[in-house]
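Chemist: Pasting a structure below so you can have a look.
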Amino acid sequence: MDPLLLGALVGICTILVLFSGVSVGIGLLIVSAGFLVIFDGIRSLELMPEIFFGKLDSFALLSIPMFIIMGSSIASTRAGADLYEALERWLTRVPGGLVISNLGACALFAAMSGSSPATCAAIGKMGIPEMLKRGYPEGIATGSIAAGGTLGILIPPSVTMIVYGVATETSIGRLFLAGVFPGLMLVTLFMAWSIYATWKSGDMALMSARSYSWQEKFEVLPRVLPFVGIIIGVLYAMYGGVATPSETAAVGALLCLIVAILIYKLYDVRKIWSILQESTKESVMILFIIAAAGVFSYMLSSLSITQSIATWIGTLDVNPWILMIAVNVFLIIAGFFLPPVAVILMAAPILLPIITSAGFDPIWFAVILTINMEIGLISPPVGLNLYVINGIAPDISLRTILMGSLPFVGCMLLAIVLLCLFPSIATWLPEAVMGPAL
């Protein structure tokens with residue numbers, strides 16, 4: 001069979017299997033095993049265990065459970081509420097300051113936890129009721145938190161970036177740095193829209209009515225600054241040549257646990273065990289998908305699907321930017337239905353040769369891909385962040401939350417356009433800190 005037709009058949013079968021309700025990892029293994037048996041014979045299955053476990057034989061993967069423990073430690077405390085309170089006290093007199101403080105808290109908490117749903121839950125529990133009480137429109141109150149939560153997969157340290165780095169054999173350190181300025185740009189765009197929407201539809205006098213004394217502004221900082229210090233320390237250790245990403249993640253996880261115990265009095269051994277237990281479950285899930293995706297990639301390569309697609313794209317007389325638009329459309333649609341980790345692991349083996357042959361930077365593309373995944377987090381039918389927000393504010397309809405999130409989707413699309421026009425937004429910092437990529 002022609003490899004291109006075979007590739008289309010693999011894609012259709014994969015979608016059908018995943019839509020059947022099977023977990024992503026198991027689904028990828030089923031499709032891989034089925035096509036290998038049909039086209040390479042039953043003996044091809046002998047290689048699957050070796051490929052499966054070989055994909056996990058990477059020192060860089062150790063950083064995934066460590067960063068997850070780091071995020072779980074922070075999420076189990078009042079750190080999100082304290083971040084929200086601190087920024088709200090300092091920005092309350094700014095027009096629309098409460099929604100700005102919520103977005104700022106989302107950005108900081110996302111950097112500390114690396115989890116979009118955790119960010120939505122931690123900041124939304126405090127921020128949404130307060131914004132509604134101050135007179136903010138429901139769409140702005142819920143949409144800003146849903147969008148702010150997506151920053152967890154872009155702002156470093158990001159588990160999604162680690163997965164991309166492992167899948168494409170790209171420097172994780174460079175990927176983390178590449179997410180910094182685009183992440184700040186997204187925060188700025190979100191804040192700009194929020195200020196405009198607040199000014200257009202809200203009672204500004206009511207929204208900035210409360211004031212705090214200097215004592216109240218400073219008293220909350222000691223509970224927040226240690227976590228911020230850990231993030232700065234982790235990034236310094238990583239880029240200052242002190243430690244590898246995996247070693248840095250381990251130290252960061254330990255420090256977050258210590259801070260959670262000392263500052264937030266997390267003395268209950270059962271709670272600490274629960275943190276480790278939940279972190280282990282999430283880590284195993286991600287690592288299983290990574291291993292299964294390794295088998296899936298092997299199947300695509302073994303059947304010459306990946307090579308044929310790359311060759312076919314290379315023969316097309318298509319402007320590279322037209323190609324990039326098509327890739328973005330594909331990623332957005334895939335993000336509607338699948339979690340970011342699954343999309344990256346499934347798409348990277350196919351897309352990376354196409355992207356590099358078209359002359360695009362793989363580090364820059366990682367940021368583009370991640371923002372596309374962020375769009376999926378606040379878009380139906382999956383839209384995980386939308387359902388998290390709906391759980392926090394059940395009195396607000398899912399439709400209202402969705403409509404409030406759509407302008408922020410527009411901000412993300414604008415960010416993609418800006419990154420296409422000015423790629424150095426993503427590539428300048430990695431090159432400045434780590435030198436040009438070889």
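The values are calculated or read from the model by the stated rules, or taken from the named source; none is laboratory data. Source: prediction; values computed, not measured. Here Cβ is always computed from backbone atoms with ideal geometry, including for glycine, and neighbour counts include all displayed protein chains.
Chemist: Read through the list (1) surrounded by 14 or more Cβ atoms within 10 Å (Cβ to Cβ); (2) at pLDDT below 80, then give the number of the only condition that residue 256 fails.
Modeler: Only one criterion is unmet by residue 256, namely (2).
Chemist: Answer yes if at least one residue in the range 93-100 is modelled with pLDDT of 75 or more and either assigned to a helix (DSSP H, G or I) or touching a helix residue (DSSP H, G or I) at 6+ places or on another chain (Cβ under 6 Å) (or both), and no otherwise.
Modeler: yes
Chemist: Considering only residues that are closer than 22 Å to residue 27 by Cβ and modelled with pLDDT of 85 or more, look in the range 346-372 and name the one that is surrounded by the most Cβ atoms within 10 Å (Cβ to Cβ). Can you show your working first?
Modeler: At the first step, the residues of the range 346-372 found to be closer than 22 Å to residue 27 by Cβ are 346-352, 369, 372.
Within this subset, residues satisfying the condition of being modelled with pLDDT of 85 or more are 369, 372.
Numbers: 369: 26, 372: 24.
Checked the range 346-372; the qualifying residue surrounded by the most Cβ atoms within 10 Å (Cβ to Cβ) is 369.
Chemist: Return only the number of the condition from (1) surrounded by fewer than 23 Cβ atoms within 10 Å (Cβ to Cβ); (2) in a helix (DSSP H, G or I) that residue 267 does not satisfy.
Modeler: The one condition residue 267 does not meet is (2).
Chemist: Tally the residues that are part of a loop (DSSP other than H, G, I, E, B) and of a type outside the set (Gly, Ala, Ser), restricting the search to the range 126-172.
Modeler: Here the count works out to 8.
Chemist: Among the residues of the range 260-281 satisfying the criterion of being in contact (Cβ under 8 Å) with a residue 24 or more places away in the chain and not small (Gly, Ala, Ser), which is farthest from residue 76 (Cα to Cα)?
Modeler: If we take residues in the range 260-281 being in contact (Cβ under 8 Å) with a residue 24 or more places away in the chain and not small (Gly, Ala, Ser), then 280 is farthest from residue 76 (Cα to Cα).
Chemist: Filter the range 38-53 for residues that are within 13 Å of residue 298 (Cα to Cα) and surrounded by 13 or more Cβ atoms within 10 Å (Cβ to Cβ) and give the result.
Modeler: Correct list: 40, 44, 45, 47, 48, 51, 52.
Chemist: In the range 413-426, is there at least one residue being under 28 Å from residue 297 (Cα atoms) and aliphatic (A, V, I, L, M)?
Modeler: yes
Chemist: Let me ask something else. Which one of 206, 235 is part of a helix (DSSP H, G or I), at pLDDT below 75, surrounded by fewer than 16 Cβ atoms within 10 Å (Cβ to Cβ) and not charged (D, E, K, R)?
Modeler: From the options 206, 235, the qualifying one is 206.
Chemist: Then there's this: Are there any helices (runs of 4 or more DSSP H) wholly within the range 373-438 with 1 or more residues that are out of contact with any Pro (no Cβ under 8 Å at 6 or more places or on another chain), at pLDDT 85 or above and surrounded by fewer than 21 Cβ atoms within 10 Å (Cβ to Cβ), and if so which?
Modeler: 398-421, 424-434
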